[in-house]
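The values are calculated or read from the model by the stated rules, or taken from the named source; none is laboratory data. Values in this document were obtained by computation on a predicted structure and should not be read as measured data. Here the Cβ is made from the backbone with ideal geometry for all residues, glycine too, and neighbour counts use every protein chain on show.
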Amino acid sequence: MTIDIDDRIIAIIAEQAMLTPVDVSREHTLADLGIDSLGLVESIFAIEEAFDISIPFNANEPTTGDFDISSVDSIITAVKALIAARK
Amino acid sequence: MTVKRVVITGAGTINALGHDVATTLEAMREGRCGIGPLDIRDVDRLSVQIGGQVRDYDEHAHFNRQQISLYDRFTQFTLLAAKQAVDQSGLVFAGELAAKSGVILGTAGGGVQTWDENYRAVYEEGKNRVHPFVVPKLMNNAAASHVSMDWNLKGPSFTVATACASSNHAMGLAFHMIRSGMCSAMITGGSESMLCFGGVKAWEGLRVMSKDACRPFSATRNGMVQGEGAGVFVFEDYEHARARGAEILAEVAGFAMTSDAADIVMPSKQGAARAITGAMKDGGIARDAVGYINAHGTGTAANDKTECAAVADAFGAHADRLMISSTKSMHGHLIGGTGAVELLACIMALRDGVIAPTIGYEEPDPECALDVVPNVARDAKVDVVLSNAFAFGGLNAVLALKRV
C-alpha cells in the first residue's frame, strides 16, 4: 500500500513534468523537473483527486504552509500524513 | 483627423463600499473595509468564504418582475450605476447626440449568477426546463444593450472581456472613439457579479485567493479577495461638455494597452511597464507629473511585486516620489468591473486632493518598496494620475487622467 502511494504520487508528478516515472527521483525538487507554479497547482489538484484528500496550499505563500513541497520526497511524506489523518 | 479632448461628466457605482459615488468615496477616505463573510448559497462547501459583496441590496426595490426576469445581477448593478452617471451628466440623448453616443462596458464573466442558477436547476435538481430568457439574461453584452435601450444610445455599443483589465480596455476604447471624433459621448466602465457558488469555486481552484483579507503590497499578503459591483461613467467630448456648461470631473488624457505574449497567469514586468509608459506617452505626460497611481494591487505575491518593479522601471527615480495604492483592499477585486470602481479613487485624488489608502497593510515587503499610502488616506494635491489593470492572459491596460 505504501509503495503504491509513492508510485502514484511519482506518476502524477512525472506526468506533469512530461517525464517517465523512472526519471523522477525522490530527491528532485519540482523546479529540477521543470514544474512551474501552474504545474504545481495542477499536480496538487491531481493528488487531491487521486487520494480524496484536501491539501492546504496557497500559491501566494508556497513555503509557509504545513504542506512541504521542497522535494518529491517531502510531498510524498506530506501526502501520507494527510491520508493517515483522514482515516 | 481632428483630435478631441475627452472629459468625464458623470459617474456612478454600486459596490461593497456603497450604493453610490459619495458613499464609496467616503468609505475610501475613511479606509473602511467592505470585505466580509459571504452570504451565498452553499458557502459552507467553499474553502474561501469571504468577499466584497454588495450588502443591503434588494433587487425588487429597483426593478419590476419583468425586468428582473431579464437582468442578471451584473446587469442590475450596471443599470443602477449608469443612471447615477447619466443623471449627473445632465445629458439627454436625442437626435444627432443619440446617434453619436454609445456604450462600451467591461465584464469578464457576464451573467455568471444566471449560468450558476440554471446549471443548478438542470444538473443538480434534474429539471428539464429553464426560463425562456436565460440566454438574453446571461450574455456578456446584456448590460451594454440594456444601457443603450434605457438611454436611447444609438451609436457603437459592445462589451469587452479581458478578464481583470476589461473595464480599463472598455474605457480606453470609449476614450478613443470620442478623441477621434467618431462619438460625442460614451457610457463606459464595467460590472461583475460572480460571487456565487460556482464563481467562487472556480477561483478557489487556482489557489491564489486569501481566506482572511486582501493586503496588497504587505509582506503578509496571501492572496486576492473577490468583490462585485459596477462603475459607470459618462465620457464626453470636451467642447461639447463646455458648450453646455457641464461640470467636468476629470480629463481622460491618455491610454495604452499591451500584451505580455508570455504566460496565461503569471504577470510580466515588461508588459506592465510598457503599458504605463505608453499611457504617459499617449497623453503627452512627463513622468514627473504623475502624482498618484491606482494600482492593480491584487494582493497576490506575483502581481504586487511585478507591478512595483514595473512602476520602478517606468518612472526611474520618480517612483519613490509618487503615491500608489490599491483600493482592492477595501472593495475587493471586481474582476471585469474593477478598473471602473477604481477610477473613482483617481477622480477623488484629482478633484478632492484625497489619496485613497491601501488598507490591511501590516509589514513592508522589500519587493514592494514604494509609497503605498498604508492604511490611512492622505491629503495631497495631484495633477495627473494613472489607473493600472493587468489581466490574466497578459493583457494590460493603463489610463491616464488629468485635473481640468
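Can you name every residue in region B:249-263 that is part of a loop (DSSP other than H, G, I, E, B) and within 20 Å of the chain's Cα centre (by Cα)?
Scanning region B:249-263 gives a single hit, B:L249.
Going residue by residue through region A:40-52, is there one that turns out to be away from chain B (no Cβ under 14 Å), surrounded by 13 or more Cβ atoms within 10 Å (Cβ to Cβ) and not basic (K, R)?
For region A:40-52, residues away from chain B (no Cβ under 14 Å), surrounded by 13 or more Cβ atoms within 10 Å (Cβ to Cβ) and not basic (K, R): present.
If a residue must be assigned to a strand (DSSP E or B) and within 16 Å of B:M266 (Cα to Cα), how many such residues does region B:216-229 contain?
Matching residues across region B:216-229 total 1.
Residues in region B:110-130: is at least one in contact (Cβ under 8 Å) with a residue 60 or more places away in the chain, surrounded by 17 or more Cβ atoms within 10 Å (Cβ to Cβ), closer than 13 Å to B:N152 by Cα and of a type outside the set (S, T, N, Q)?
No: zero hits.
For region B:52-75, give me each residue that is assigned to a helix (DSSP H, G or I) and in contact (Cβ under 8 Å) with a residue 40 or more places away in the chain.
B:R73, B:F74, B:T75
Listed residues B:A369, B:A356, B:A380; which is at pLDDT 95 or above, aliphatic (A, V, I, L, M) and crowded, with 20+ Cβ neighbours inside 10 Å?
On inspection, the qualifying residue turns out to be B:A356.
Scan region B:279-301 residue by residue and report those that are over 20 Å from the mean Cα position of the chain (by Cα) and more than 16 Å from B:V382 (Cβ to Cβ).
Matches in region B:279-301: B:K281, B:D282, B:G284, B:A301.
Only residues that are closer than 18 Å to B:L97 by Cβ and polar (S, T, N, Q): list them for region B:161-194, please.
Those that are closer than 18 Å to B:L97 by Cβ and polar (S, T, N, Q): B:S180, B:S184, B:T188.
Starting from residues that are over 23 Å from B:T298 (Cβ atoms) and among the polar types (S, T, N, Q), keep the ones in region A:53-87 and report whichever is nearest to the other protein chains (Cβ to nearest Cβ).
This residue is A:S54.
For a quick check of your reading: which helices (runs of 4 or more DSSP H) sit entirely within region B:264-335 and have at least 1 residues that are over 25 Å from B:R29 (Cα atoms) and away from every other protein chain (no Cβ under 14 Å)?
Once the helices (runs of 4 or more DSSP H) in region B:264-335 are filtered for at least 1 residues that are over 25 Å from B:R29 (Cα atoms) and away from every other protein chain (no Cβ under 14 Å), what remains is B:269-282, B:301-315.
Residue check, B:A82 against (1) small (G, A, S); (2) surrounded by 17 or more Cβ atoms within 10 Å (Cβ to Cβ); (3) within 30 Å of A:I55 (Cβ to Cβ), all met but one. Which one?
Of everything listed in (1) small (G, A, S); (2) surrounded by 17 or more Cβ atoms within 10 Å (Cβ to Cβ); (3) within 30 Å of A:I55 (Cβ to Cβ), B:A82 misses just condition (3).
Of the residues A:I35, A:I10, A:I69, A:I55, only one is in contact with a Pro (Cβ under 8 Å, 6 or more places away or on another chain), outside any helix (DSSP H, G or I) and buried (at least 18 other Cβ atoms within 10 Å of the Cβ); which?
Sole residue among the options that is in contact with a Pro (Cβ under 8 Å, 6 or more places away or on another chain), outside any helix (DSSP H, G or I) and buried (at least 18 other Cβ atoms within 10 Å of the Cβ): A:I69.
Could you tell me which residue of region B:216-243 is nearest to the other protein chains (Cβ to nearest Cβ), considering only residues that are over 23 Å from B:Q76 (Cα atoms) and among the hydrophobic types (A, V, I, L, M, F, W, C)?
Step by step, filter region B:216-243, then rank; the result is B:M224.
Looking only at region B:28-58, which residues are within 16 Å of B:A213 (Cβ to Cβ) and of a type outside the set (V, I, T)?
B:G31, B:R32, B:C33, B:G34, B:G36, B:P37, B:L38, B:S47, B:Q49, B:G51, B:G52, B:Q53
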